[in-house]
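Down below is the structure, laid out as structure tokens.
A short reminder: the numbers here are calculations on the coordinates, not readings from a lab. All of these numbers come straight from a predicted model, not from anything done at the bench. All Cβ positions, glycine included, derive from the backbone under ideal geometry; neighbour counts span all protein chains shown.
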Amino acid sequence: MTAESGGAPDAAAVVGAGAWGTSLACVLGERYDEVALWVYEADLARDMARARENAVYLPGVRLPPAVRPTSSLAEAVRGRGLVLVVVPSHVFRGILGSMAPGLAAGVVLVSATKGLEVASLCTMSQIMGEVLAPTHRAGIAVLSGPSFAREVAERRPTAVVAAAEDPTLARRVQQALSGGPLRVYAGTDPLGVELGGAVKNVIAIAAGIVDGLALGANARAALVTRGLAEMTRLGVALGAEARTFAGLSGMGDLVLTCTGDLSRNRTLGRALAAGARPTDVVADSRTVAEGVNTCRSVRRLAERHEVEMPICEAVHRVLFEGQDAREAAEQLMSRGPRFEAE
């Protein structure tokens, strides 16, 4: 599959072997004859090839025979018609630059990373537009939605959205990824899809704080609803469509990440509520809680575009300014009265 033609790709690759990347490779491995899975750690790549399992990031899930782990980035992407990039946002630009020379003409490139680049405040598709050659830019798409990696790997029903500015490309990515328990909707607002997937991680940290402080179900419901309002305000200010945030990549992912026990960002929030220091929690985890870096970016974007985001601002104070989590929650509740639609 290329950006200009229909049909299924002759071969696929997934760049990044965390839980989500490994899970997506398992999904593709049931559809394509060969799926290269790029693993940053050479020793882990060897272990995965031998044991047919990612024991570090997705233990207990067997890799399909078609999935081929490799620590060679050039080898992973060479000749592939479909490449999914699933690496943490803070290394996305560097890895994309390293793989760009080996990309096939007409390749379809799908970002499945949820986050924003701290230095530039770019989404991942915006980084792709900057780094990739003009001949590759026509194939840029994004994938997001409520999707815990383990549940996808265990073939539990999941719905996500694939978005591209070109509706034909969005449809082709939808066709390439859909099947079995994974239902993929198509969309044409990649900016909104990416912003929903990023901002929800910050709100999920706040949800973890709410749960950790035992503030109750009423407080959690209020937080999710007002978090959606913040997400939508920022998205519209940046040029996204408001309706996108009522869909899978907005409200859907927000609900999942704010309530599910598999959410890394919610788990981080619960630890903060218990008195843990943010730096200690992050240092003790082998997986990335994208909400930490995203919180910095969201705050800067909100300031730049004069968008009010009190929940994200409160999370920033807890993460980076040393404020006590309970005090931050109390300050949110003591804000002045206003109309809900403001």
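Brief remarks on what is shown
- Principal axis dimensions, largest first and in whole angstrom, of region 210-342 by Cα: 38, 32, 30
- On full extension, the segment bounded by GLU130 and ARG304 gains 60.5 nm, given 0.36 nm per residue less the C-alpha separation.
- Cα centroid separation, region 251-312 to region 149-171: 23 Å.
- Rg/Rh for the chain stands at 0.97; both radii use Cα atoms, and Rh follows the Kirkwood definition.
- Tensor-based shape of region 79-208 (alpha-carbon gyration tensor, a/c under 1.5 rounded, otherwise prolate or oblate): oblate
- The sum of -39500 (n - 2.57) across all DSSP H runs of n ≥ 4, divided by the residue count of the chain, sets its helix-only mean residue ellipticity at 222 nm to -14500 deg cm²/dmol.
- Inter-label distance, nm, simple model (7 Å from Cα along the C-beta direction), TYR185/ASP280: 4.2 nm
- Within the chain, DSSP assigns beta bridges of which about 20% are antiparallel (rounded to the nearest 5).
- Gyration tensor (alpha-carbon) shape descriptor, region 160-265, a/c threshold 1.5: oblate
- Sorting 206-214, 315-323, 224-232 by their mean Cβ neighbour count within 10 Å, with the most densely packed peptide first, gives 206-214, 224-232, 315-323.
- Close amide H partners of LEU37, meaning residues 5 or more places away or on another chain with modelled amide H under 5 Å apart, are VAL14, ARG68, THR70.
- Fully extended contour minus Cα-Cα distance, from VAL255 to GLU154, at 0.36 nm per residue: 34.3 nm
- Treating r as the C-beta distance of ARG243 and ALA42 and R0 as 35 Å, the FRET efficiency rounds to 0.20.
- Rounded to the nearest 20, the size of the Cβ-charge dipole of the chain about its Cα centre is 420 debye, with Lys and Arg at +1 and Asp and Glu at -1.
- Amide H contacts under 5 Å for TYR185, placed H, 5+ residues apart: VAL160, VAL161, ALA162
- Shape call, region 14-53: gyration tensor on alpha carbons, a/c limit 1.5: prolate
- Spin-label model distance (nm) - LEU121 vs GLN175, 7 Å beyond Cα toward Cβ: 3.9 nm
- Label point of GLU30 set 7 angstrom out along Cα-Cβ; within region 163-178, amide nitrogens under 19 Å from it belong to 173-178.
- Kyte-Doolittle mean at least 0.0, axial Cα span of 27 Å or more - DSSP H helices of the chain: 190-212, 217-238
- Note on the chain: dipole from Cβ charges, positive end direction compared against MET251, MET124, GLY60; the farthest Cα belongs to GLY60.
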